[in-house]
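S.K.: One structure, pasted below without further comment.
All of the numbers you see were taken from the coordinates with simple rules; none came from a lab. None of these values were measured; they are calculated from a predicted model. Cβ atoms come from the backbone with ideal geometry, glycine included; neighbour counts cover every protein chain shown.
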């Protein structure tokens, strides 16, 4: 069997397993084992466990469960509600202040979690009922939070950036910096479309007459400020070279826990049982996907699929931007079926040498790749954020959630175009802070 036929067979088999509803980690692992068995026979049992363990036996991966724990602590305590209330009270005079508060809360919360589903669930539980009570169209209420939740994998600290950095041997600190300006740009673009969409559907922003006193505005600041300081401190120690991502994540999780316990007087163990349980489930899920994806990548390499594909792409005498367009289409399709971590673990080692040979900056490409993964989070058939919102807002029809989110996918495509036209949006801040990449 030729490498091309082997690759097609392996991908078709994976798609079939995913279509049965099998968990992604198991589908990746089973497809990889089947492919390796056809190539190696029973000897596959000698490399399977070792390969999967080697895929996650990296100290840098400690940052992932720590950042996930940070998000679970904030989402599972009153801290998330205070963050949301603080933004709402300060922005209530701004036209569309509530929807802007929701997207802004998603952006800030992303800096604490690095996880899109966690961001989407935490802000959605508070924001969607409030927006519906104030008369916002259902598509605006759900679509803005579905899109805002995707910022969790772009705005640092980002779990997907950590995975990309380890997979491609690039600087995680520089990757975090590369995501800052594009993350803020996407946040502004999301806010702009949310206002336009609400007005287009006839929502009257001037209808709200209530207000808040300065005392009410300041009431939540002492509880929210320590969490924002923790985020800034994590960014400082990472970019200043004071600590590694794992050390920064561990310290951030511990400080977040201490702040929440002291500020909200949560001195009992019971509230934290669910928090730690949720963080453990999400962390194990991510690590299982990464281990299985490593085995799948090993299968592709052993069958000479990746080498043949790379050689075929490299032999194409086409414009480098045409090549980038093809890569973007591939990433869009992959992101619609697989979670971001799985796509990055499988695709980044393959695509990294190709984009380097074509003359693209690897840090710029990391941001483009991540935005493609964001699109996959709000588009069928998987659309993880859509399912999260469907579970926390069962009264809103799935159709409304979908139609509310899809325009934001177009906004993200526009953002990719802007980054292609002006790559300095990505590379400018890392070069300013850390010097030009070698």
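S.K.: Provide the descending list of Cα extents for region 66-139 along its principal axes, expressed in whole angstroms.
M.R.: Sorted largest first, the three principal extents are 37, 24, 18 Å.
S.K.: Could you tell me how many degrees, from 0 to 90 and to the nearest 10, lie between the Cα long axis of helix 159-168 and the main elongation axis, the longest principal axis, of the Cα atoms of the chain?
M.R.: 30
S.K.: Report, in whole Å, the centroid distance computed from the Cα atoms of region 15-47 and region 321-383.
M.R.: A separation of 23 Å, based on Cα centres.
S.K.: Apply the a/c threshold of 1.5 to the C-alpha gyration tensor of region 134-239 and tell me whether it is rounded, prolate or oblate.
M.R.: Since a/c reaches 1.5 but b/c is at least a/b, the shape of region 134-239 is classed as oblate.
S.K.: Can you give me the distance in nm between label points at residue 281 and residue 413, each placed 7 Å from the Cα along the Cα-to-Cβ direction?
M.R.: Placing both labels 7 Å along Cα→Cβ, they lie 3.5 nm apart.
S.K.: Is region 3-62 rounded, prolate or oblate when judged by the Cα gyration tensor, a ≥ b ≥ c being the square roots of its eigenvalues, rounded requiring a/c under 1.5 and prolate requiring a/b larger than b/c?
M.R.: It is oblate, given that a/c is not under 1.5 and a/b is not larger than b/c.
S.K.: When you count, for each residue, the other Cβ atoms within 10 Å and take the mean per peptide, how do 392-399, 364-371, 297-304, 223-230 rank with the highest first?
M.R.: 364-371, 297-304, 223-230, 392-399
S.K.: What percent does the relative contact order of region 128-195 come to when contacts are Cα pairs within less than 8 Å and at least six residues apart?
M.R.: 30
S.K.: Still on this model: What percent of all Cα-Cα pairs in region 1-121 falls in each 5 Å bin, counting up from 0?
M.R.: 2, 10, 13, 12, 12, 10, 10, 9, 8, 6, 5, 3, 1, 0
S.K.: Nearest 10 degrees, 0 to 90: what angle lies between the long axis of helix 172-200 and the longest principal axis of the chain (Cα atoms)?
M.R.: 60
S.K.: Give me the percent of Cα-Cα pairs in the chain that sit more than 32 Å apart, rounded to a whole number.
M.R.: Everything past 32 Å amounts to 37 percent.
S.K.: Modelling each spin label as a point 7 Å along the Cα-to-Cβ direction, I'd like the residue 233/residue 204 distance in nm, to one decimal.
M.R.: My value for the distance between the label points is 4.8 nm.
S.K.: Please check: in the Gaussian network model of the chain (C-alpha springs, under 10 Å), which one of 74, 45, 99 has the largest mean-square fluctuation.
M.R.: Highest fluctuation among the options: 45.
S.K.: Follow-up question, since we're still on this one. In whole percent, what relative contact order does the chain give with Cα contacts below 8 Å and a gap of six or more residues?
M.R.: This gives 26 percent for the chain.
S.K.: Would you mind putting 24-31, 47-54, 63-70, 426-433 in packing order, based on average other-beta-carbon counts within 10 Å, highest first?
M.R.: Highest mean packing first, the order is 63-70, 24-31, 426-433, 47-54.
S.K.: Something else about it: For residue 39 and residue 270, compute 0.36 nm times the residue count separating them, minus their Cα-Cα distance, and round to one decimal in nm.
M.R.: 78.1 nm
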